[in-house]
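Structure record follows, encoded as structure tokens.
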Amino acid sequence: MSDLLDKIVSLSKRRGFIFQSSEIYGGLGAVYDYGPLGVELKRNVQARWWQAMVYQHDNIEGLDAAILMHPTTWKASGHVDAFNDPMIDDRQSKKRYRADQLIEEHIARLRRQGQDEHADAVHRRFVEALHADDMPRALYEIIMDEQIRAPDSGAFDWTEVRQFNLMFETQLGALAEGNNTIYLRPETAQGIFVNFLNVLNTSRQQIPFGIAQIGKAFRNEIVARQFIFRMREFEQMEMQYFVRPGDQMEAYEAWREKRMQWHLDNGIRPSRLRWHRHDKLAHYADAAHDIQYEFPIGWQEIEGIHSRTDFDLRNHQAYSGKKMEYFDPQTRERYIPYVVETSVGLDRTILMLLCEAYREEEVEGDQRVVLKFHPQVAPIKAAVFPLVRKDGMPEIARAIEADLRTVFNVMYDEKGSIGKRYRRMDEAGTPFCITVDGDTLADGTVTVRDRDSLEQVRVSQDRLLPYLHDRMRAWTPAD
RNA sequence: GCGGGAGUAGCUCAGAUGGUAGAGCAUCAGCCUUCCAAGCUGAGGGUCGCGGGUUCGAAUCCCGUCUCCCGCUCCA
């Protein structure tokens, strides 16, 4: 891992942004907890997304669907088939096959060639393999021993057989008998699709309109690494935008622009963001772009904007028997809407903000570590200090703290030298420090110290709130 | 999943040849501080990832296991 990411991991733990899950028991792989500062950062990001998506658009409705869903949901979405089979990849063609189907085809081929004895032997071994403890391994050995080649490329260059059992299973009901297996959702989108009719019928929306949701999703990642970049339990902020078939590209382009702007508005430098177009489209999509950020580990996806046709609604219609059609009263058309999806990883956004904000700087010969968050996402908006712990300064500082607390998350600190307190707040990413000093007693002004420029401005106590609001609004990212 | 590396106080780390652990920073209490930390005094904090074994005795040796990191693979 890069030095920078190491430092961010260390700072995250040291200051209480992010902890590994269940650390006292040795940790749980690729699961993380948000600490006191981390949860503030996360809630601020959620709030900004909700504001930008739901409140700023009169045709977008919010939703909070449950994590547990009817199992048929995942049949309709394609996740059960795609995620639970023993898969093997042809390294040459990059095509993926179901290992069991390859063997079945091989057996059928042998029979066609009259090699029934051989076919029977393979078949017996195949049945045995399907019940083996290490089923993927057993299937792999058959493919190796029988030298089964890839149907398309004819190559014999296979990866291991892997079982893509990426959905977390759990039991519905207290009785562990019968077929009660359900899944923790691997994506939040299906919660939106299955509620499409509910929202349509209750919100008085007309197409085009969207449904937005923030929520947890779960995937048994094969390779889960790089801190909170790829986690087994993670949070998505998704919006599905329903449009008339044919109008999807216009909506797609509009949402691409809005979503990129959102990241810029969070203080991400434009040079660190780029578009990545999917050349190879999933079968249900007719366009797909990712927004990538230049992490210390390289360019990585943080958000996907996908035009996913009517695939999901059409499938839910087929599986549920419920008509997913929309009737347009103007044109008197009836159709299953197309969907443009924006899906951003909340945890990845947090990691991006940490990477973007982290700076090591030299101040008058000393080094400081500072998180230059956008003030709106900063966990603590302001800290209030008495310059010294006497002459009534703590009392005045406490009063200012109490006043600001009605609006912001603020912190009071009187421990250590004033410089030390500034540096502590730098590490937490607090944009403003307010110091009560001797002049405060005389004229009612305080020092407001800027995290980024280190500049100090004297502000009258009673103008403090509007002053801070103005400064937050005017903030722009450095370099 | 495979190969390699690592796991000692909250953080970063030191602990040659086995004799039951230290530093800096951080934290807490007090002092000193009238604007950018690392001044003073004191305190708390570790069964050295976990389990087992060898040994009179293990952080140090052996086995297992978990977690993290790097590379390959994967990114459905």
Legend entry - Answer residue from segment A:432-470, given it is away from RNA strand B (no atom under 12 Å from the Cβ) and buried (at least 20 other Cβ atoms within 10 Å of the Cβ) and is farthest from residue A:390 (Cα to Cα) among those: A:468
Legend entry - When residues of segment A:110-136 are limited to those that are modelled with pLDDT under 85 and part of a helix (DSSP H, G or I), the one farthest from RNA strand B (Cβ to nearest atom): A:127
Inset, instruction - Looking only at segment A:403-423, count how many residues are open to solvent by 60 Å² or more (accessible area, probe 1.4 Å) and away from RNA strand B (no atom under 15 Å from the Cβ). - result: 4
Legend entry - Filter result for residue A:320 (under 26 Å from residue A:216 (Cβ atoms), among the polar types (S, T, N, Q) and modelled with pLDDT of 90 or more): yes
Legend entry - Extreme residue, farthest from residue A:305 (Cα to Cα), among residues of segment A:329-379 that are of a type in the set (Val, Ile, Thr) and more than 16 Å from RNA strand B (Cβ to nearest atom): A:331
Legend entry - Condition broken by residue A:476, with the remaining ones in (1) surrounded by fewer than 17 Cβ atoms within 10 Å (Cβ to Cβ); (2) of a type outside the set (A, V, I, L, M); (3) within 14 Å of RNA strand B (Cβ to nearest atom) satisfied: (3)
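Rundown of residues vs (1) of a type in the set (S, T, N, Q); (2) outside any loop (DSSP other than H, G, I, E, B); (3) buried (at least 16 other Cβ atoms within 10 Å of the Cβ); (4) within 16 Å of RNA strand B (Cβ to nearest atom), yes/no style:
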| position | (1), (2), (3), (4) |
| --- | --- |
| A:197 | no, yes, yes, no |
| A:206 | yes, no, no, no |
| A:213 | yes, yes, yes, no |
| A:237 | no, yes, yes, no |
Inset, instruction - Any residue in segment A:173-188 that's under 22 Å from residue A:79 (Cβ atoms): show its pairings with residues that are modelled with pLDDT under 80 and surrounded by fewer than 10 Cβ atoms within 10 Å (Cβ to Cβ) at Cβ separation under 7 Å, as long as the two are six or more apart or on different chains. - result: A:180/A:173
Inset, instruction - Would you be able to tell me the number of residues in segment A:11-66 that are assigned to a helix (DSSP H, G or I) and aliphatic (A, V, I, L, M)? - result: 10
Legend entry - Tally, over segment A:388-402, of residues that are surrounded by 14 or more Cβ atoms within 10 Å (Cβ to Cβ), of a type in the set (D, E, K, R) and within 12 Å of RNA strand B (Cβ to nearest atom): 1
Legend entry - Considering residues of segment A:351-366 that are loosely packed, with under 10 Cβ neighbours inside 10 Å and in a strand (DSSP E or B) only, the residue nearest to the chain's Cα centre (by Cα): A:362
Legend entry - Residues within segment A:335-350 that are part of a strand (DSSP E or B) and farther than 12 Å from residue A:243 by Cα, tallied: 4
Inset, instruction - Taking residue A:426 as the residue in question, decide whether it is open to solvent by less than 10 Å² (accessible area, probe 1.4 Å), within 12 Å of RNA strand B (Cβ to nearest atom) and part of a helix (DSSP H, G or I). - result: yes
Legend entry - Verdict on residue A:288 being open to solvent by less than 20 Å² (accessible area, probe 1.4 Å), within 11 Å of RNA strand B (Cβ to nearest atom) and more than 25 Å from residue A:17 (Cβ to Cβ): yes
Legend entry - Pairs where the first residue, in segment A:431-456, is under 14 Å from residue A:412 (Cα atoms) and the second is part of a loop (DSSP other than H, G, I, E, B) and within 8 Å of RNA strand B (Cβ to nearest atom), C-beta under 7 Å, 6+ apart: A:435/A:387; A:436/A:387
Inset, instruction - For segment A:247-281, enumerate the residues that are within 15 Å of residue A:339 (Cβ to Cβ), open to solvent by less than 70 Å² (accessible area, probe 1.4 Å) and without any contact (Cβ under 8 Å) to a residue 12 or more places away in the chain. - result: A:254
Legend entry - Matching residues, segment A:269-309, being closer than 23 Å to residue A:374 by Cα and over 19 Å from the mean Cα position of the chain (by Cα): A:269, A:270, A:271
Inset, instruction - Scan segment A:11-43 residue by residue and report those that are at pLDDT below 85, out of contact with any strand residue (DSSP E or B) (no Cβ under 7 Å at 6 or more places or on another chain), open to solvent by less than 60 Å² (accessible area, probe 1.4 Å) and of a type outside the set (A, V, I, L, M). - result: A:22, A:29
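The values are calculated or read from the model by the stated rules, or taken from the named source; none is laboratory data. In this text, all values refer to a predicted model and were calculated from it rather than measured experimentally. Backbone-built Cβ (ideal geometry, glycine too); neighbour counts: all protein chains shown. What goes into the accessible areas is simple: the full protein's heavy atoms, side chains included, and nothing from ligands, DNA or RNA. Shrake-Rupley method; radii C 1.70, N 1.55, O 1.52, S 1.80 Å.
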